[in-house]
Each structure stands twice: as C-alpha cells, then as structure tokens.
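Below is one structure, written out as structure tokens; the observations come after it.
The values are calculated or read from the model by the stated rules, or taken from the named source; none is laboratory data. In this text, all values refer to a predicted model and were calculated from it rather than measured experimentally. Virtual Cβ from ideal backbone geometry, glycine too; neighbours counted across all protein chains shown.
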Amino acid sequence: MDKVPMTNNSYNLLEEELKTLKSEDRPNVIKAIAEAREHGDLSENAEYHAAKEQQSFIEGRILEIEDKLRRAEVIDPSLIKSDKIIFGATIDLFDENSNSEITFKIVGVDETNVEKGLISVSSPVARSLMGKSVGEVAEVNTPGGKTVYEILKIEYK
C-alpha cells in the first residue's frame, strides 16, 4: 500500500472535509432522497435521481478521503534538512524560456494550487526537479514545448 505524502495542513483539511461529509452532507442527501420519494413515481422523478447521484458522489468521496488518511505520510517541511529537492521544498527557479524568476512549493496532490505556486509532487515539473540541487538545470516537457528551469534556491519552511 503506497503512502500518500502530505503536509499537516492538507491532512487537517481532509479530516475536516470528511467530518462535513459525514455529519452534514450525508444526512442532508438522505433527507432529500426521502422527500423525493414522497413525490411518487421514482422512474420519472428528477429530484430523486439527482439526490441519488449526489449520494453516490458523497459516499465515493468519503471512501477516497478515508483511504488517503489511512495511507497518509504527514511531512513537516520545516524539519527537513536537505540541499536536494524533495517533497515539501520551496524552490526559486529561473525560467530560461521567459527570462523570469518563479517560486514553487512541492506539495501533495490535494494541496495543489498553481496560482499560489503549490505544485503536486506527481506533476511533470516536480518530477523533473526532484533530487536536483542549487545551480542545476531541469528540463520539463510541457504541452507548450520544453521549459528549462535553473534552480536558484531551495528552502524547507
């Protein structure tokens, strides 16, 4: 069973989502199904079918979150002492294609937010950076072509 790397923040957010799904969303959809049943013929009852679809989504999400939490490997980046890029690294890069500096932090899949500079550990950019040190160059094949990054700084915070 593969571990799922995540920060403490991500773990807490997943726990909170799970709590909401179980204590609010699940009871609400059960109530909606019961109300829709009262309207008669279920074969042509759009409210019933929508509620059942929502119930299926909620139950699937509960199972997914429970699985991730069971397999979670919570990592505190501030405790990492490394000069190489691994999970949790905040990296300053020079994008040779656009002649600009950018900063990325490598996080778990559930924390990904490119607008905030948070990239998934499984993304092509993160995979190309893993194991590299300051001064090294990483080439990433993207849909827009090859992008070349020079690693300027690595921090764990």
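For the list (1) part of a helix (DSSP H, G or I); (2) surrounded by 14 or more Cβ atoms within 10 Å (Cβ to Cβ), I need the number of the one condition that E115 fails. Of (1) part of a helix (DSSP H, G or I); (2) surrounded by 14 or more Cβ atoms within 10 Å (Cβ to Cβ), only one is false for E115: (2). Taking the conditions (1) surrounded by fewer than 16 Cβ atoms within 10 Å (Cβ to Cβ); (2) in contact (Cβ under 8 Å) with a residue 60 or more places away in the chain in turn, E44 satisfies each one other than (2). Of all residues in the stretch 1-24, those that are acidic (D, E) have Cβ atoms under 9 Å from Cβ atoms of residues that are in a helix (DSSP H, G or I) and surrounded by 13 or more Cβ atoms within 10 Å (Cβ to Cβ), 6 or more apart or on another chain, in E15/I65; E15/L69; E17/R61; E17/I65. Would you mind stating whether A126 is crowded, with 18+ Cβ neighbours inside 10 Å, small (G, A, S), farther than 16 Å from V4 by Cα and out of contact with any His (no Cβ under 7 Å at 6 or more places or on another chain)? No: the conditions fail for A126. When restricted to residues that are under 27 Å from E111 (Cα atoms), surrounded by fewer than 17 Cβ atoms within 10 Å (Cβ to Cβ) and either at pLDDT below 90 or of a type in the set (F, W, Y) (or both), the stretch 10-41 contains 0. Would you say I33 is hydrophobic (A, V, I, L, M, F, W, C), touching a residue at least 40 places away in the same chain (Cβ under 8 Å) and either part of a loop (DSSP other than H, G, I, E, B) or farther than 30 Å from E155 by Cα (or both)? No: the conditions fail for I33.
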